[in-house]
Amino acid sequence: MAGAEGDDSLYPIAVLIDELRNEDVQLRLNSIKKLSTIALALGVERTRTELLPFLTDTIYDEDEVLLALAEQLGSFTVLVGGPEFVHCLLPPLESLATVEETVVRDKAVESLRKISQEHSPVDLEVHFVPLVKRLASGDWFTSRTSACGLFGVCYPRVSIMTHTFESTLITAVMHFRTLCSDDTPMVRRAASSKLGEFAKVLELDYVKSDIIPLFTALASDEQDSVRLLAVEAGVSIAALLPQEDLEDLVMPTLRQAAEDKSWRVRYMVADKFSELQKAVGPEITKNDLVPAFQNLLKDCEAEVRTAAANKVKVFCESLPEDSRETIIMTHILPCVKELVSDTNQHVKSALASVIMGLSTILGKDNTVEHLLPLFLVQLKDEYPEVRLNIISNLDCVNEVIGIRQLSQSLLPAIVELAEDAKWRVRLAIIEYMPLLAGQLGVEFFDEKLNSLCMAWLIDHVYAIREAATCNLMKLVEKFGAEWAQNTIVPKVLGMANDSNYLHRMTTLFCINALSEVCGQEITTKHMLPVVLKMSTDQVANVRFNVARCLQKIGPVLDSSALQAEVKPVLEKLATDQDMDVKYFALEAISGMYLFNLPTYIFSETFSFSSILFFFFSFSLSP
Amino acid sequence: MGEDSESPKINHSFLRDYVTEADVISTVEFNQTGDLLATGDKGGRVVIFQRETESKGESEELGESGEYNVYSTFQSHEPDFDYLKSLEIEEKINKIRWLPHQNAAHFLLSTNDKTIKLWKVSERDKRPEGYNLKDEEGRIKDISTVTSLRVPVLKPTDLMVEVRPRRIFANGHTYHVNSISVNSDGETYLSADDLRINMWHLDITDRSFNIVDIKPANMEDLTEVITAAEFHPQHCHLFVYSSSKGTLRLCDMRESALCDKHSKIFEEPEDPGNRSFFSEIVSSVSDVKFSHSGRYLLTRDYLTVKVWDLNMEKGPVETYQVHEYLRSKLCSLYENDCIFDKFECVWNSTDSVIMTGAYNSFFRMFDRETGRGVTLEAWRENSKPRAVLRTRRVYTGGRRRRGDVGVDSLDFTKKILHMAWHPAENIIAIAATNNLYIFQDRVSVENQ
């Protein structure tokens, strides 16, 4: 029955094709994602003549389906018959490049760029270039924005291979120029953001003669959103030009952008400052960028100051070495000092996250003299985020001046944060405890911080108690089991007699966390008796946590202790009046495979696993 | 604006026979070309009208070209309940704004008190045909008959208009949204509630930026609320908002991220001789609109409509009395809550004429050049399609003419609050409770 066999293999594909137009989006999406399977089954000929025309017209679908389609088509070359026929993929991608959803358009452009590489130079000129021109002169701005991203990829290859080199290039530049002065800001924005990329594929002469005027025009566009994108283009163009042309061609415009009326443009300059610095080189940095950076640090808009403050370290690092220290000390540091007492918390917090990095650049003496006072001010800042940023970057200062000197002033701030009214701040501090402990050493820790770590165990927020137990585990990992036995374990076990059942439960949680790192001896000798004693607690929550705890520490205990001590307790809990206690006790018992249990308890679970077994064997059979 | 040239002619009125609360129209808006007109109602529905093109209107009998017909109707908002605050959220559409054209589809923003939605209105005239495993009626085929694969083919069908929600901008407002306005950059828009103005990116629904916040630390210190806000038509960084105290504030977003400090404040000094218990209520601005040129602002308060020059902050350049005769009746208008009615105002396409609403199905137009005003009536009893609209007069003393209406016989339940003017032609859309009237200037019809 050859025919019947054929049907069998067709069936799944037939389902996939039918589901391309199913009402359920998820099924359509599924089918689109398996488009390569469909194309493979149809063969290259039918894919080209039937499937692709259908797909070209299905641009009415949901965005996620279109997005998947645009992505699939980018790697479809083989399925339509290889590079020879790759141009068949252009029509569906062209229609996808005009939809209103930006992510779909971007994906279509990405796929177009990808398949442009697979075109032969002739095909590129015959099929691809006309497509770009069509998009560039389309009625709707969506197609024109898409065109902006395509000039960069198709022209370098056309131009080298064909004799129409000059004219193609000139039309490309001409089209791009039209897009740069488009009526709609959306297209000008797209052109502005792709200008740098386009410039990269052009000869230097064209950059100078054609791209620079476009850049200057976009950088003085009436729309803020266009101007701010021109900043980025300016950075890429600056990287292309030789040093001697920078001053005349790009710098006036960039200087103007750094002083733009709109804070969003200035923000962009601040945000791209390190790239800019790299692009223009040390001389211009010294003469132009340093004053510009100072202005940005003193900007009247907090967002701009925040962006600039974020760049302080990177900027200082990349200053030319010979004059670095003088520039920082005379120009940058005064501004930084002002920022430390800024009115805006985001500015201060951005600064706090990078300011410690300056110490490695300036060396020990300058750090102690100039930076340390600033750190101290920030450590006492009213906003916890600022203080936190300082503490989390302690390691870089540690390398320069040593932790002893720092900790004198540091400790009060940490204690204060540890008792902050916001639990999220406390939580963040807990997370830095192991790091601090490692830096400070055992003695110092015992003396100053141990009591804090214990206090967190009885915090009234569960998240803090949980983090505190986790913290203890990490501390023990650092300081060893012996230290744990002497300092932590007695305190933890002492809480088992607390009158608050939440604290008693914390004991159990701590034991869960500590048993493994503390090892068998401590667990069996010290922890187990306490846990077993708690099995008679009057609060059911404590009792079922005893069961869970026993299951958790079971692997650490030796088998004699398990049989002699754990087993009777769990069996007793398994007959508890409370449902949950019973449940967890049984789970602990089955989890440990300790005993031969009466079958009725397992009956349900057993039948379930047998069903699973059947299911697996069924699906594995051919 | 002589009566001859401007007496509009009734072209089409969209009349319904029954009135339910849900049918009351709450906003009217033309798109950028004027080919589409959208209305929102208290029932959360949006109705889109399309202007018939010349080619479609086959002859005069079938309907004059330029007539607006229903294009699509959809439910934009549903009634909702805020469980945290135990508040009902009405489905009423407060505002509709069209987005600039970006491809073959049309996009509009609609908002109720809390949630703004972006809708896509698109046409499709093709339908895929051909299944592998079932026939066109949906009957499952016998698998053994499937011997080859079939790719669906698109066949032309009747034109279908699809409306789909594209984005939902929720949770941005604690108070009631009164305005939305699309920025000239085409990628952002603002939404204003009583105390705050937020700025959104059209592609991003999960965050918005607060650009104005007038909420005092203590709500007992609250003295004014935001009543309307709009972006400048050309300068992407400028927007204006009006307040219940009768002031306008122009903000420049270039200066700082938070625009709590206005760059200009437009305010008319109060006339001490005219002060009364109602002074503050009647001076509350109910609507503000930039002129198409971007040079002027138009505002409406309870009794007047004013034109402001952006270059002059100390007072309006023009003031027109809409219904001055109501000044003596403010007490009873306060009692029946009419004094809080929010009238809208609009510019014509060339900024030479302004229009606003009144009571008794009257609406008023003022010619800025001559300063003359006319009162027109949108009322179905005396309006047949293609009839010329009569001007009306309210009798306030002096010689009474035939047809004049006395102040005491004005019907305050028939209010004209919402209206729109075609962006290029003399076509106006007037919402009178549950009826939408579209009037077209006779001159422009004859010239066609």
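The values are calculated or read from the model by the stated rules, or taken from the named source; none is laboratory data. Everything numeric here is computed off the predicted structure, so don't read it as measured data. Please note: Cβ atoms are built from the backbone with ideal geometry, for glycine as well, and neighbour counts cover all protein chains shown.
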Worksheet entry | Complete set of residues in region B:200-213 that are outside any strand (DSSP E or B) and either within 20 Å of the chain's Cα centre (by Cα) or buried (at least 20 other Cβ atoms within 10 Å of the Cβ) (or both) | B:LEU202, B:SER208
Worksheet entry | Candidates B:HIS77, B:HIS106 - the one that is away from every other protein chain (no Cβ under 14 Å), under 22 Å from B:THR205 (Cα atoms), surrounded by 21 or more Cβ atoms within 10 Å (Cβ to Cβ) and under 19 Å from the mean Cα position of the chain (by Cα) | B:HIS77
Discussion item. Test of understanding: among B:GLU123, B:GLU137, which residue is within 12 Å of another protein chain (Cβ to nearest Cβ) and either free of Cβ contacts under 8 Å to residues at least 24 places away in the same chain or more than 21 Å from B:GLY186 (Cα to Cα) (or both)?
Written reply: B:GLU123
Response to the item:
Counting only residues in region B:140-150 that are facing chain A (nearest Cβ under 8 Å) and touching a Leu at 6+ places or on another chain (Cβ under 7 Å), the one farthest from A:ARG21 (Cα to Cα) is identified as B:VAL146
Worksheet item: When only residues in region A:144-171 that are within 12 Å of chain B (Cβ to nearest Cβ) and either within 16 Å of A:LEU218 (Cβ to Cβ) or modelled with pLDDT under 90 (or both) count, which is surrounded by the fewest Cβ atoms within 10 Å (Cβ to Cβ)?
Response: A:ARG144
Fill in: Number of the exception - A:LYS380 against (1) buried (at least 20 other Cβ atoms within 10 Å of the Cβ); (2) modelled with pLDDT of 75 or more
(1)
Discussion item. Go through region A:53-72 and report how many residues are touching a Pro at 6+ places or on another chain (Cβ under 6 Å) and more than 16 Å from A:GLU19 (Cα to Cα).
Written reply: 1
Item to complete: Identify the single condition in (1) touching a strand residue (DSSP E or B) at 6+ places or on another chain (Cβ under 7 Å); (2) in a loop (DSSP other than H, G, I, E, B) that B:PRO216 does not satisfy, given that it satisfies every other one.
Response: (1)
Worksheet, complete the sentence: Checked pairs for region A:501-530, first within 24 Å of A:ASP459 (Cβ to Cβ), second part of a helix (DSSP H, G or I) and among the aromatic types (Phe, Trp, Tyr), C-beta under 9 Å and 6 or more apart or across chains, list as A:LEU502/A:TYR462
Response to the item:
Those residues of region A:108-139 which are within 14 Å of chain B (Cβ to nearest Cβ) and in a helix (DSSP H, G or I) amount to A:ALA108, A:LEU135
Item to complete: Might you let me know whether region B:151-166 holds any residue that is at the interface with chain A (Cβ under 10 Å from one of its Cβ atoms), over 22 Å from A:GLN223 (Cβ atoms), out of contact with any Ser or Thr (no Cβ under 7 Å at 6 or more places or on another chain) and of a type in the set (Val, Ile, Thr)?
Response: yes
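On the given criteria, is A:LEU472 within 20 Å of A:LEU502 (Cβ to Cβ) and modelled with pLDDT under 85?
No, not satisfied.
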Worksheet item: Which condition number does B:LYS117 fail, the rest of (1) touching a residue at least 24 places away in the same chain (Cβ under 8 Å); (2) within 14 Å of another protein chain (Cβ to nearest Cβ) being met?
Response: (2)
Worksheet item: Can A:SER209 be described as free of Cβ contacts under 8 Å to residues at least 60 places away in the same chain, part of a helix (DSSP H, G or I) and within 14 Å of chain B (Cβ to nearest Cβ)?
Response: no
Worksheet entry | Pair list, Cβ < 6 Å and 6+ apart or interchain, from region B:232-260 residues that are within 8 Å of chain A (Cβ to nearest Cβ) to residues that are surrounded by fewer than 17 Cβ atoms within 10 Å (Cβ to Cβ) and not in a loop (DSSP other than H, G, I, E, B) | none
Worksheet item: How many residues are surrounded by fewer than 16 Cβ atoms within 10 Å (Cβ to Cβ) and either more than 13 Å from A:LEU457 (Cβ to Cβ) or basic (Lys, Arg) (or both) if we restrict to region A:491-500?
Response: 2
Worksheet item: Can you spot a residue in region A:64-82 that is without any contact (Cβ under 8 Å) to a residue 40 or more places away in the chain, within 20 Å of B:LYS126 (Cα to Cα) and facing another protein chain (nearest Cβ under 10 Å)?
Response: no
Item to complete: Search region A:22-41 for residues being in contact with a helix residue (DSSP H, G or I) (Cβ under 7 Å, 6 or more places away or on another chain) and free of Cβ contacts under 8 Å to residues at least 24 places away in the same chain, and hand back the single one that is farthest from the other protein chains (Cβ to nearest Cβ).
Response: A:ASN30
Worksheet item: Out of the residues in region B:214-239 that are more than 20 Å from A:SER225 (Cβ to Cβ) and surrounded by 14 or more Cβ atoms within 10 Å (Cβ to Cβ), which is nearest to the chain's Cα centre (by Cα)?
Response: B:ALA228
Item to complete: Look through region A:90-104, keep the residues that are surrounded by fewer than 23 Cβ atoms within 10 Å (Cβ to Cβ), assigned to a helix (DSSP H, G or I) and under 28 Å from the mean Cα position of the chain (by Cα), and return whichever of them is farthest from the other protein chains (Cβ to nearest Cβ).
Response: A:VAL103
Worksheet entry | Selection count, region A:29-47, where residues are more than 16 Å from A:ALA70 (Cα to Cα) and among the basic types (Lys, Arg) | 1
Item to complete: Please specify each residue of region A:172-190 satisfying the condition of being in a helix (DSSP H, G or I) and either within 14 Å of chain B (Cβ to nearest Cβ) or of a type in the set (Val, Ile, Thr) (or both).
Response: A:VAL173, A:THR178, A:PRO185, A:MET186, A:VAL187, A:ARG188, A:ARG189, A:ALA190
Worksheet entry | Any hit, region A:435-445, residues being within 30 Å of the chain's Cα centre (by Cα), among the aromatic types (Phe, Trp, Tyr) and surrounded by 16 or more Cβ atoms within 10 Å (Cβ to Cβ) | no
Response to the item:
Note on B:ILE197: of the conditions (1) within 20 Å of the chain's Cα centre (by Cα); (2) within 14 Å of chain A (Cβ to nearest Cβ); (3) more than 22 Å from B:LYS120 (Cβ to Cβ); (4) assigned to a strand (DSSP E or B), unmet is (2)
Discussion item. Suppose we filter region A:243-290 for residues that are within 14 Å of chain B (Cβ to nearest Cβ) and in contact with a Pro (Cβ under 9 Å, 6 or more places away or on another chain); how many remain?
Written reply: 0
Discussion item. If A:LEU229 satisfies all but one of (1) more than 30 Å from A:THR178 (Cα to Cα); (2) within 14 Å of chain B (Cβ to nearest Cβ); (3) in a helix (DSSP H, G or I), what's the number of the condition it fails?
Written reply: (1)
Worksheet entry | Matching strands (runs of 3 or more DSSP E) fully within region B:104-178 where at least 2 residues are farther than 30 Å from A:ARG46 by Cβ and in contact with an Asp or Glu (Cβ under 7 Å, 6 or more places away or on another chain) | B:153-169
Worksheet item: Looking only at strands (runs of 3 or more DSSP E) that fall completely inside region B:282-354, which ones have 2 or more residues that are of a type in the set (A, V, I, L, M, F, W, C)?
Response: B:287-290, B:296-300, B:304-309, B:345-347
